[in-house]
Amino acid sequence: MRNKIELIKRYSLFFIGVIANAVGLALITSGMLGTGPTACIPYILSKKFPLSLGAFNFFFYMLLLLCQIVMLRKDFKKYQLLQLPAALLFSACLDGMMYLLSFINPDRYYLAIIVTVVGCVIRAFGITCQLIADVVMLPSEAFVKAVSNISKKDFSICKLVSDAIMVAITAGLSIWWFGKIMGVREGTLITVLLVGPISHFFTKNLSYTNHYLENEGEFIYETKFKLVEGKRLVITITSEAGSGGRFIARILGTILNIPVYDKELIDMVAEEGNFSKAFVRRHNEKLYRNALHAFFMENYSFSDWFADYISDDSDDDSNRNYERYRELFEAQSKVITDLAQKKDCIIVGHCSNYVLKDFAGVINIFITSDMEHRIEYIAEKYLLERDKARARIEKQDADTYEYYKHFVGHDWKDPNGYHITINSSQFGYEGTAEIIDHIVRHNYIAVPKVKVRELRKKYNLEK
């Protein structure tokens, strides 16, 4: 539950995002090279009838909101009506910015290109602010999301079809009314090609702001390991690639006789979020690797094979748009929280240390190891040469770093995020598991209530 201070922060950021989005769209339109796909229908209507672009944009958004209500029916939540004031704010800002920027009338083609590109950058920043704020969506995006949920098709596919239909309608109306195509030109294509990747760049580099929006202070855990009565014994294990964290978790689970959830989470998350198992497996703790991949995954990823084709590592880097990624993270967090509430268990990775940071009775453990041992482990496990094993380690660690930065806003190796850090190369996998077992059994499960006087006597500290 978000408190008032956090909501104020998030809605303030959303307000900034709406203004930036409106400024960007106004600049793109002022470039006279066409407008964005979602604004092209209101644009052509404003050229035919005596109402402003912002006014028609608001009416168009209301039509999309009505379509959502009809499509979703009982699944349409009351809070989604916040799209109404959001649409009004955006449309009013759009009209205001169109008026303030009316002096822009590029008389050279290259100037029109510059104005359009600058508009794309500003609009991408605005979209990023709205995404990070995570409070309400504009009807244009919410409509596509509703279609995606009902059709069970990927968001990006639905967005592609939606944009194509809007562009086609605009082209048809403009030819019918004016005898030529208006509102849809190369500027529309530039908008499609640039806004997604630039927004991804901003999102990637501003994701740390999530931490400040949450208003939870520093990412610090209590160091008390005493099990709270009525609570579960839950151990989270996060590890560097090749440090043997998963193997250690299995050994520890056998010693403590409690279940371990690692790859088992894939099926559970898939069921919780209504994803395919392949989708969860491919997108687990991985972000985009290049701008081209970001563009197609953020906007128009046609299929899994195409996503694999454009990524620099087809086995590890296939991702989806921000919204689907956020839904996946939320489903994952829900599964982890439910497990921690229902049974004693060990949970491996998946940001479990962050998800359960406020859970009473949890021990968060980080497993590290010397690079030499990590290379040997990966080389033996995957039958790789040493240089390829090192490259795999560096890539996997980089993916985990980006994943944490994106959703948590912290360095995943920050010691404040864990109660214990152990170097498995110093103690071996069994030795590391036994150390954790010793801590759990002697300092966590059954801590005797010993008075200070008895401790002094036991350790000869009377003097």
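The values are calculated or read from the model by the stated rules, or taken from the named source; none is laboratory data. Please read these numbers as outputs of a predicted model, since none were measured by experiment. Virtual Cβ from ideal backbone geometry, glycine too; neighbours counted across all protein chains shown.
For this structure, a couple of remarks:
- Taken across the range 208-224, residues that are part of a helix (DSSP H, G or I), acidic (Asp, Glu) and either within 30 Å of GLY428 (Cα to Cα) or modelled with pLDDT of 85 or more (or both) do not occur at all.
- Residues satisfying the stated conditions in the range 40-68, i.e. over 20 Å from GLY96 (Cβ atoms) and polar (S, T, N, Q): GLN68
- Criterion (more than 22 Å from ASP267 (Cα to Cα) and in contact with a Leu (Cβ under 7 Å, 6 or more places away or on another chain)) met by exactly one of ILE439, ILE346, ILE378: ILE378
- Identity of the residue in the range 330-378, of a type in the set (Lys, Arg) and at pLDDT 90 or above, that ends up nearest to ALA249 (Cα to Cα): ARG374
- Whichever residue in the range 72-100 is under 15 Å from ALA55 (Cβ atoms) and small (Gly, Ala, Ser) and, among such residues, is surrounded by the fewest Cβ atoms within 10 Å (Cβ to Cβ): GLY96
- For the range 107-155, the tally of residues that are part of a loop (DSSP other than H, G, I, E, B) and farther than 16 Å from GLY24 by Cβ stands at 9.
- Being of a type outside the set (D, E, K, R), touching an Asp or Glu at 6+ places or on another chain (Cβ under 9 Å) and at positive phi holds for only one residue in GLY417, GLY409, and it is GLY409.
- Looking only at the range 21-52, and only at residues there that are hydrophobic (A, V, I, L, M, F, W, C) and more than 20 Å from ALA124 (Cβ to Cβ), the one that is surrounded by the most Cβ atoms within 10 Å (Cβ to Cβ): ILE44
- Answer residue from the range 158-170, given it is under 13 Å from ALA39 (Cα atoms) and either polar (S, T, N, Q) or out of contact with any Pro (no Cβ under 7 Å at 6 or more places or on another chain) (or both) and is surrounded by the most Cβ atoms within 10 Å (Cβ to Cβ) among those: THR170
- Test: residue in the range 115-131 that is modelled with pLDDT under 80 and closer than 30 Å to LYS74 by Cβ: yes
- Residue within the range 71-81 that is at pLDDT 90 or above, closer than 21 Å to SER162 by Cα and among the polar types (S, T, N, Q) present: no
- Top-ranked residue in the range 409-427 [being part of a helix (DSSP H, G or I) and either more than 29 Å from the chain's Cα centre (by Cα) or of a type in the set (Gly, Ala, Ser) (or both); ranked as nearest to ASP399 (Cα to Cα)]: GLY417
- Residue ID - farthest from LEU33 (Cα to Cα), chosen from residues in the range 177-198 that are of a type in the set (A, V, I, L, M, F, W, C) and outside any helix (DSSP H, G or I): ILE181
- Residue in the range 71-89 that is in a helix (DSSP H, G or I), in contact with a helix residue (DSSP H, G or I) (Cβ under 8 Å, 6 or more places away or on another chain), under 16 Å from SER199 (Cβ atoms) and hydrophobic (A, V, I, L, M, F, W, C) present: no
- Some residue of the range 128-140 being surrounded by 16 or more Cβ atoms within 10 Å (Cβ to Cβ), over 30 Å from SER12 (Cβ atoms) and of a type in the set (Val, Ile, Thr): no
- ALA112 being at pLDDT 90 or above, surrounded by 14 or more Cβ atoms within 10 Å (Cβ to Cβ), within 19 Å of THR38 (Cα to Cα) and not β-branched (Val, Ile, Thr): no
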